[in-house]
Structure formats: structure tokens, C-alpha cells
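One structure is given below, encoded as C-alpha cells.
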Amino acid sequence: MKRRTFLQLLGASALSRPLWGAVKHTEQYFIFIHAAGGWDVTLWADPRNERKGLVEPASTDNTDLTALTHWKKVALDSDTDTFEILAPSDVPMTFGPGIGDLYDLRDRLTIVNGLAMNTVSHPDGTCFSATGRHLAGGRAPASSIDVAIANELGVSQLLPDVSIQFPSAYIGDSLDRRAIPLRVPSAATIAKSLARSDAYFNDDDRASITALLTDEAHALAKHSAFPETYERLAAQESALPKLLGNELKAAFTPQALMAAYPQLDYKAKTLGQGALGAAFAVEAMKRNLVRVVSFALGGLDTHNQNYKFHAHTQQELFGTIATMVKLLDDAKLSDRTHILVFSDFCRTPQINLAGGRDHYPNNSALVISPRFKRGRVFGKTDHEQLLPAGDKPLSPPDLLATFLAAFNIDPRRYLRDGDVIKDMLA
Amino acid sequence: MRASALVLLAACGAGTVKPSAPAPLPAEHQVVLDTTPKERRRMLPPEVYLRAYLGWFGGLAPLDVQNRARPKGLFDAWEDYLSALGLPDYKIDLPRQTQSNTLMLATLGRLGEVLCVRAAEHDLHVKTPLDQRVVFAFDPKAGSLDEFSVGFDVLHRTFLGYPVRLAPADRAQKFYALFDEVRARHKAKNPLSPDETAWAAVCAALVQHPEAELY
Amino acid sequence: MVRWIRFLPVIALVATARAELTLPDFRYFRTLSIDLQGRPPTRDELDAFEQSNFDLGAWIDTHTTGPAYAERLERIYMDLLRLDVGPTFQFVPNSLVLRRQQVMGPDGMPLYVYFRRGQRRVDPATDGDFCLSFDDTGMDFPPNAAGVGTPRPVPQKSLDDKTVVVKAWWLFADYRSPSPVDRIGPDWKRRFPGFEPAPGLLEDGSVRVCKEEAQTAESGTVYVSGRPPFKKGDPLPGHRETPPPNDSGFARANRGRAVSCLTGTGFQNSVDCGCGVGLERCLPGAGPQFDPPGFFTPTHVPLGDALPFDANPKNVSEWPKLWWSQEARRFLDKIFEEDRDFRELLTSHATEVNGPLAQFYRFMTGATCCGSGADAGYTEPEPLVDPGSLPQALVPEDTATWLPVADRGPHASGILTMPIFLTKYGSRRARAHVAYNAFLCKDFVADTARLAPSTEPDLTKRPGCSTCHQTLEPMAAYFTRIAESDWTWLPAHVFPMEQARCKGDKAPGFCKQVYDPAFNKLRSAYAAPSHAEAGPAGFAQDIIGAPEFAPCVVQNVAQSFLGRPLEPEDEPWKVELTKLFVDGGYRMRPLVRAIVTSPRYKKGNDAR
């Protein structure tokens, strides 16, 4: 079979499914959040409040306590106070004060500690967490988790994967082109690109233009040695009319999102933009337009005096997530929305000379999904050096493999490494 | 090995063995040779698109284009579109997007519309002299396919970089059909004449054409 | 023979142009135009291309030069190096930022007064803080926030005693003259395109500033207040919200000694140090915030700073960061436009500066020096760029005029010692890592090794770490003498590789900052002390001398022009190109020419 013919068939089969709506979809939604910069796990998931080995806990020496809702003082030494570890009786979990409002949803959380990162480079840690592979030649060698999910479960949606500053990677030729992530700097810009003026052209004009361009793309595909480029353009062109409706544009302006979801803190000092991403995710899922929304929330790379506000930034981060979960509850979507939150790596257990914490090759991650065992912690670190402990420490590929397996997706299609940890699954 | 065995036999045996054509060796296993061409079509880098776009707007600076484009809700601000076009952001290590997605096409569509509408206003509506027109540098008469093809060739060269005579044979016809449709739809002058609106539509379709958006 | 073959494709191309042109010919010309002119061809250019006398070879020769060609190559390396810093890196040293508070003037009208947080003053009620107190204004002034309280008119005498009106550099281009008259006006848009203070900075007609900040001396004397060190619970003098600065150990040991006002040390320890003539050593902010609004600073400049795609007032810290990034881009452009030896990217002493960069190099680079290094006797940093080499004619407003600096100084080494590189890649390891990626096309790929707890400080030996760090640590050592997330040079005569007084438990405070107690050596030097002395220039030589360097350049450029990774079957071609590149003196033009005239490139974008 000639390559061209084979590819045409492949393209045809990918497109034989209608673009959205009619196909029975899984009705599951996914939110991936990159907490950019590297978080201090001793402040939320793997709390430490004692000086032991390398560990210097957060204290009044290095942390601004203003507005930290879960910081209850205990003495660290004669001059300094640290925080009391939150140890609720209803779940076998402990938390630090950074957990913020997510503490109220603790019975729905799955935390993974002691993730072996083997890196302390931002881009490499980010890539490892998102794709299960380290960078190769400065580039991601595998697709990211949001693309994998979009490819498997999302191509029937109008917007399979919206990526707002998230480290999405679409790698390889075997993925459905519709799963190429829509990358935008913020949710606000989506509406602007969808806007159209009625002063000159009307919707029928645009429909005619789109039809012509789709036809041209198909015609070019027939003569091309690489028809998939043109088929991809044709598919994307034909999806445009649905996107360009004014209803969508109006729903996704920042003002509309803020009015629809006033519960989110858009004025949060560090993560105000992230609140908009969360609002977009909820609205897009309510309208069944997306399968995956991924976004990044930053401000955690605190190497120096800015570490004073790290706990506060975490509180904002988890507060945004908690509010988003509650909004999904209200929309009756939370039983089929699955959230994964990760960071580049964690921060050193020691405080450095500038009063901050540097990068460290350990990590924690958070899953909020009914397909995972909830109110549980998996993985651990040693007491003195905060390094992954146990006979076989977990690593990001294991978590990603388990996540994919939770949805009956063969992890080997996307991950070279990683074992499914069945014990994590509900 | 075989040759030396033959020589040995020849040396040992009586008489001469006539040489015969070597038989093909039996295959042991298949080796797949990848002879497919490695070249691919790729998207125009956003910097190239932006530079071309400013040129099509008469060589204006970006903020001047923004000001000219904005009336009647045709344009917001460049910063609303740049990331969707695939531009990298080195400040936050956001890499360049080399593959298209629906939002990118929507953004290119928005930019294409404003370019063509403003060009139609400037070149056709106010009847700018021919030598001062950037886009519609032709007589816009389009009473027939032949008349249309003259102007279409100018636009085809502008946005696709080659004459329409080398395009697929039915391309001019397809675009003339678009022209006719849009012209018929816009009977009244609002704010461009039907012909002007139709030319703007042809322009918008060409500037969003795959051959314009790809390398 | 070889030379003739090299020209064969060009001869073939010229022959085709004379015959009937085909679609592949037009596509090829379009691709060439996109790559070498930065845009598709215009209709006029297509008309010329169709003429029988069109010489494509000559066209290629003409267009492997010029700003668009340079930008094409610059894009390759900017994508690799990403030389721009975002909000994660904050450059807001107190000595550089003039914040302002609003008070009530003697006439009952609002009045802005500029000040520096941390400015030393003799009055303990205002030392290190805003110069007007509660008694003067009726307001308290929390750190980085507007005044709170019931404002009352500041007495004229207080205003006269404690503040002064200055003709500031951002409002007067001739601020250095005895009577400045060249005030900001509409013609500045033409004279100084790209320079526009935030609206708040233009609200008042004059710049009233605390008197200490208006001082112009280049050096002052170390001041000791004599106050006992402040302890928690001690009463605060005046109506202060925060305690006044304690006398530092350096101050007590060096009372009355001369200190440079162009350094952080001078700012922190002298009441004589101000913002200089016309406040030229400082950047103005229209507010009391930590990072107040300063100038209209474009966020998006994909086609260069002369063609910004947005214009919004930004925080004052964005202003120097923009120009750091533009300096690197111009540096790259110059190498490509002038077809210089590509290795100069890592080795050159030269650069180009405009007004804001000249201001930065002349007055601002010392602001981050010297911290606890002052206790080691380091109070005047070796400058990043020798001020004598800076063009004198550039005023800080002149963003558009770029002038060459032939020799930045003895430590300069291409982009490796530019502020944008040193801040984007703040740690020494990060600096080494990115160069390893971008110039040797190699990466550190971690083993799936289990990291067991270990007390081994030497990462080149530590299990699980050594695979990568055996290579990375010696490379990072080249940057030992440049402070992390900064550009401050740590000279050998102040900071020898080993410092006797930094050994043992009673080491002075600066030791922990600069020396690693695990190895009793300068931090980051342990794996290769000789590399520390060789510095970034030594690193540059190491990189350009590596056998991977030239093939990596070829690979990066070829992949970018072809739009795909090189495959194994491209290897002979890559070898040929590498030889061409090296034999051509590491110049890009022959390499680019060979690529764009190759059948691979020509077929690369053909749909058929």
C-alpha cells in the first residue's frame, strides 16, 4: 500500500467520526494544573515542623504569617514559632498550613509524596511531571498527559484541549490532529480571537469562506506527499463556524467569567490570572465544549526573601482549586471531573543563605478524582533529608501511568516508563 | 567463499567447470527501507506572518495598524492575538507553536478579515490611484470569470506567491463562485459596495488559504 | 573540482530562471524570501523573478545579509536561549528605585515627594524611610504602601528643609546642564521614540525629592549613627512603623571612610549618597509600591524594539529588563549581519548600547554589590562594563540610538557575561547547562537511579547524582567568580580560592555567602578550581574547542531551515556542511547559502 493511500485512509478514519456532539462521548472532564516554580511540600503535603537532619521548617523567622488561615503556632525554639501540623481524625493524612481551603475537601484528595524527580532544572522537572520523560536535547520527547487524554477521549469535542500556559507537548505522527492543544496565554484571549464584527461580513459570508478553504485543503491533500497537514487544516477550518458564534465569545470574556463565578478570587495577589483559568474551565465544561483544560499557576520559585510569601501563595493556589471543585459540585460535574496538580519539583528542606529554599529532586502531587482512592497519601520521604523513600519510590511516570489506567487507557501508548499503581485506584 | 570453493574444486577436479550466472541468494529476512520523503509542510513563523501583514497594511507600524484596524469592532489589540498565533514568549519559556490549532486559525481569520476590509476601504472604496494600492492593485471589474481572473491573479500573487495560471485549474472558478455569492448577498452598500465586499471576501479567503499560511 | 561542484546548484538555478518557471520554482523563491527577507515576496519581486535575466544566485548572495537575514538566524538562537526574563526575576534594588508618596502641600493641594526606601538620613525618625514624618504630614507611611492617616498641610519650613525640586532626567534631556530647558514634549516622540514615562510621572510639573536623594556626589563617607542595635520590643523613634537601620559591622569598622555612591554598600552606609545629577542613577516610580509604574514598556517585540506591538505603562523593573534582552538580540544580529565568526557569540568583548543601557552600565550595575562582601573589604565592584568605554553622547531617554562598545572589559565573554544571560540563568549550573544544550547539542538525561540519602557533598561522586554532575560541576565552576542571579564579579585579590579566615566555626558572616564550608573553597569551584580562575572566557574556549561545537551549530541551523530534525541519512550532508562552516572561518553565510541552495531545502516545502 502506498504511503499516501495509507495516510489518506488513516486521516479518513480519524475524521469518519463526526466532529462533536453526535458520538457518545465519555462525559469525563479533565483539569491539569501546573503549579509553576517548584513548591515547598513541607508546607502542605509532607509537613515538617521539627529541625531534623537537613530539615529547617517554615517558621516565624522565614514566613510571613499574615492571613494564613491554617497556621497555628507552636514553639520551634525559644525565639521562633513554627506551625502545628494539621492531623484530622477523619482521614489518615497530615497537612501543612499551605493547604488552605482545600483542607475542607481533604476526604476527596489523593496525595502522592516522595516522587523521585532526578532533576532540579525547571524545564526538565516540568517536562518530567507532564510527560513522564526528561527533556532530550532541550525538547520534550513524548506527549504530555493533557494531549494523551485529549487524543483518547477528547477529539469529539469542539475544543479537545485548551492549554493556558501549561507545558503541553504534542509529539509524534500517530496522534489525532484534533488533539493539538489550543495554547493561549490567558483565558481572556480566547474570546478576542473568536470575536467577529458584523459591520462588513455576516455569518453566511464566513461560512462560504470556510467551505471554500476546507475544500481547498482537501484538494491539496489529494496531491500532497504529506496529506495530513492539509487534512488537519481542513478539520480545523470546518470546526470554526461553531466556535465563532457570538454566544461563545460573550461567555468567555473576562467580565462574563468573573460575573458568572464571583466566588473565585480574581484579585489574589499572586494567582489572580489563575482564577480566570479556573472560571474558564468550569464554564467550558458546563457547555460541554472541552475535554481537557490545563493551566499554570506560578509564583512558587522562592529562592530568597520572597520565600516569606510562599505559604500564602500556596494558600491562594489551593484556595482557587477548592473553589473550583465547589463550583463543579454546584454544576454537578465533580463526579466526572478529574484534576491533577503537579509542580516542577519541591524545594530544599534547608533554608539557604538568602532566606529562601532552592530546588530539590523530590516532589508531591495532588489528584482529585473519584477514580482514585480518596483521603489517602501514597509514597513517602525520609525524615532527615526529604528524599523519596521506600524500596521503589514512585516517580511521575508511575503517577501518569496510573492516571491513564484509571480511564482504561493503555499507558504504553504514551509512556515509555511508569507502572500502574493499582493500589491508588478506587 | 563460494568463489574460492569453486576455484578449489576446479583445481582438484578433472576438466573445467563452465561458469554460470550466479543464482540469487535466498532471502533470510525482510529489511524495511524507509524511502518516504522526509520533508513536511510547516506553518509560517508568526514573525514572518506579522511582517508580511504590516507590509500588506501599507508598511505601517504595528500600533498604527492597531489604531487603523479598530473601528467598528474589527480588532482589539495585538497582545490579544500574538500568543494564539504561536509566538514564543521567552519571558515565561513558552515555546513557539509550530502546528496549527483551531484557535490559531480563528485568530488568522480575524486578522485576515480586518486586513481585507480595510484594504478594500482604502484601495477600492475611496478609489486610491492604482500605484498607491498595496492589495487591490487592479481594476475591480468582475462581470465575468475572465475579468475576475485578472484581479484574482494579483491577489493570488500577493498572498500565495505565484501566478494563478500555475494553480489547480478550478481555483479561479471556485473563488469566482465565492465572489458571486458574497456580491449577491450584499445588495446594498453597507458600508462597502457589494463588489467591494465580495473582493474583500476573496482577499480574506486567500490570506487564510493553506498555501498562504504554510511555508 | 570541489569549488566548481559547490557552484553547480547555483548555475542550475540560474538556467531554470531563464526557462518557463514552474510552480516548484515559485515555491522555492517564496521559501527563500520567507527565510532571507522575513516575509513572502511582493508582487514586484515576483515580477522581477519572472524576468529572464533574473539571477537567483546573486539574489541569494544579496539576501544572505541585512537585518531580516540576521533576524532569521537570531530566531534560532533566541528559541534555544530564550534571553528574556519575566516577572520571576525582580530587579528593584532600593538604591535604584525612586518611589513616591503623596502628601498635602503647604497650600492644601496634593503634592508628590520622591524618595528611596532605605535611604540613610541623620534623623532617626526618618533614617531608612520617607523623609517627611508623621509630625510633618499627619500620616504614617507603611513600607511599600500609601500613607495612612489624616493628611495635614506640610509646613513650608519642613518642605524647604527636607526636600528639594530637581530637573529630573526623565523630564529633561539636558538635565546635566546648569539650567535644563529641553523638557519632555511632543517632539520627544520623534527624537526619542520608545521613551514614554508612565502617565503618573507626568502628573506634576516638577519633581520634588527628599534632599538626601538629590545629592550628586559620587562618593560619600561611611556613617555611623551610634544607636544601639534595635531589639524587638524597643520603642520606635518618631511615629515610625519599622525600626531604623542598625549600624552594620562594616560601618562600625570603617566609620568616616570614603565609599562609592554607585554601590549598594554606599547606599546602605552613607548619608551622603543620592541619586546623582538629575537623579540619573535612579529609576522613577509613580507610587509607593514595591515595584511602581515606571515607563511604557512593550511586552511584545517580535520584530525588534523599534516595532513594538503593545504600549502599556509597566512596573519600573521591566524597563532595564527590556534593554538587557534587546542588547543580546542586537549582539546576535550584529554577528550575523556582519557575517562575523560565530564563535564571537561566546568570546567577544564588544556590545552595543543605547541610552537606557548606557545609564544602566554607568550608574546601576553596582546597586547589587556588595552585601556581606563589604566585610571582606569588597566595597567597589569591578564594573560589568568599563564606564570609560561607554559612549558619552547617549542620554538615558535615547532608546533608538545604538552605539558600539568595543571592549566591555577583561572579563567580558560574549553573551555569557551579559546581564540578560546572568539573570535568566541565575545559578552557575543553569548557565553551564544552557550553553551545553545550545552550543554542544547535548543534554543531561538523568538515570532512573534511586536517590538514597547521602551526606556526600561532592555531587560528582554522590550516587545517583554523579552521572550528570561529573560533567556539570566542572562546567559550572567557570562561573564561580560571578555572583548568582547577578553580575557582580568576585575578584581574586578579595576572594582567593581559599580564605584562611573562612575556615572554622568563627568565620565572618560573608564567608558562608561566598565560600563553601564543605570544601573550604569558593562556592561552585570545588570540582575544578582552575575553571574558576579561567572564568566565563575559559568556558567559552572550552565550548568552541569541543568537537561537538561546529556540528551542533550546523545541526541547529540546518534543522531550522529545513523545518525538521536531521535524520541519520542526512549525516553525510551534515559532515559536508560542518567542514564548509569550519573552513569558512565559522561564518554563517557560506553555511546558510549551502543549505538554501541544497536539493533538500528546495524540495522541503513542495506540496507535490
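A simple count of charges around A:V292, restricted to other residues whose Cβ falls under 14 Å of its Cβ and scoring Lys, Arg +1 and Asp, Glu -1, yields -1.
If you fit an axis through the alpha-carbon atoms of helix C:2-18 and take the longest principal axis of the Cα set of chain C, what angle between them do you get, 0 to 90°, nearest 10? Its long axis makes an angle of about 80 degrees. Highest average first, the peptides C:519-527, C:281-289 ordered by how many other beta carbon atoms sit within 10 Å of their residues are C:281-289, C:519-527.
Across all Cα atoms of the protein assembly as shown, the radius of gyration (one decimal) and Dmax (whole number) stand at 32.9, 132 Å.
Shielding of peptide A:156-169 by partners, expressed as the average count of other chain Cβ atoms within 10 Å per residue Cβ, is 2.
Among A:H338, B:H156, a tally of other beta-carbon atoms within 10 Å of each Cβ gives an order, fewest to most, of A:H338, B:H156.
Taking the longest Cα principal axis of chain A as reference, the axis of helix A:203-223 is set at about 80 degrees.
Listed by Cβ neighbour count within 10 Å, with the fewest neighbours leading, C:W59, C:W188 appear as C:W188, C:W59. Between the listed residues C:Q555, C:Y586, C:V596, the Cα displaced farthest toward the positive end of the dipole of region C:549-604, a dipole computed from Cβ unit charges relative to the Cα centre, is found at C:V596. With a Förster radius of 30 Å applied to the beta-carbon distance between C:K157 and C:S179, the computed FRET efficiency rounds to 0.65. For region C:549-604, the dipole from Cβ point charges (+1 on Lys and Arg, -1 on Asp and Glu) about the Cα centre works out to 300 debye, to the nearest 20. Averaged over the residues of B:73-86, the number of partner chain Cβ atoms lying within 10 Å of the residue Cβ comes to 6.
Calculate, for A:S89 and A:Q255, the FRET efficiency according to 1/(1 + (r/R0)^6) with r their C-beta to C-beta distance and R0 56 Å; round to the nearest 0.05. Step by step, r from the Cβ atoms, then E = 0.80. Is any residue of region B:77-108 close enough, with backbone N under 17 Å, to a label point placed 7 angstrom from the Cα of B:A61 along the Cα-Cβ axis, and if so, which? Within reach of a label on B:A61: B:78-79. Could you work out [θ]222 nm for the protein assembly as shown from helices alone, using -39500 (n - 2.57) per DSSP H run of at least four and dividing by all its residues? Round to the nearest 500 deg cm²/dmol. Dividing the helical sum by the residues of the protein assembly as shown leaves -10500 deg cm²/dmol. Is the shape of region C:66-214 best called rounded, prolate or oblate, per the rule: a/c under 1.5 gives rounded, else a/b larger than b/c gives prolate, else oblate, with a ≥ b ≥ c the square roots of the Cα gyration tensor eigenvalues? Taking the square roots of the gyration eigenvalues as a ≥ b ≥ c, region C:66-214 is prolate.
Which links in A:K73/A:K422; A:K308/C:K232; A:K380/B:K91; C:K167/C:K189; A:K242/A:K267 stretch past 27 Å when you go from one Cα to the other? With Cα atoms farther than 27 Å apart: A:K73/A:K422; A:K380/B:K91; A:K242/A:K267. Of the residues C:P572, C:L472, C:S177, the one whose Cα sits farthest towards the positive end of the charge dipole of chain C is C:L472 (charges of +1 on Lys and Arg Cβ, -1 on Asp and Glu Cβ, taken about the Cα centre).
Between C:A258 and C:D107, the modelled labels are 4.4 nm apart [label points 7 Å from Cα along Cα→Cβ]. Multiplying the sequence separation of C:A306 and C:Q392 by 0.36 nm and subtracting their Cα-Cα distance, what value in nm do you get? Length gained, C:A306 through C:Q392: 28.7 nm. With both labels modelled 7 Å from their Cα along Cα-to-Cβ, the C:F134 to A:N408 distance reads 7.1 nm.
Evaluated with a Cβ-only charge set (Lys, Arg +1; Asp, Glu -1), the protein assembly as shown carries a dipole of roughly 1600 debye about its Cα centre, given to the nearest 20.
For region C:97-296, the gyration tensor built on C-alpha atoms gives an oblate shape. Its axis ratio a/c (a ≥ b ≥ c) is at least 1.5, and a/b is not larger than b/c. Working from Cα positions, state the angle (0 to 90°, nearest 10) between the long axis of helix A:272-286 and the longest principal axis of chain A. On a 0 to 90 degree scale, this one is about 50. Note on A:K267 and C:K231: the model spin-label points, each 7 Å out from Cα along the C-beta direction, lie 4.2 nm apart. Extension gain for C:H493 to C:S206 (0.36 nm times residue separation, less C-alpha to C-alpha distance): 98.7 nm. Pairs exceeding a 19 Å alpha-carbon distance, out of A:K192/B:K72; C:K461/C:K512; B:K141/B:K187; B:K72/C:K314: C:K461/C:K512; B:K72/C:K314. In the elastic network of chain A, a GNM with C-alpha springs shorter than 10 Å, the most mobile of A:L135, A:L353, A:L233 is A:L353. In terms of other Cβ atoms within 10 Å, C:W402, C:W319 run from fewest to most in the order C:W402, C:W319. Think of chain A as a dipole: +1 on every Lys or Arg Cβ, -1 on every Asp or Glu Cβ, centred on the Cα centre; then among A:I209, A:F372, A:Q28, A:I209 lies furthest on the positive end.
Throughout, read-outs are computed from the coordinates displayed, never taken from laboratory work. Quick caveat: nothing in here was measured; it's all calculated off a predicted structure. Here the Cβ is made from the backbone with ideal geometry for all residues, glycine too, and neighbour counts use every protein chain on show.
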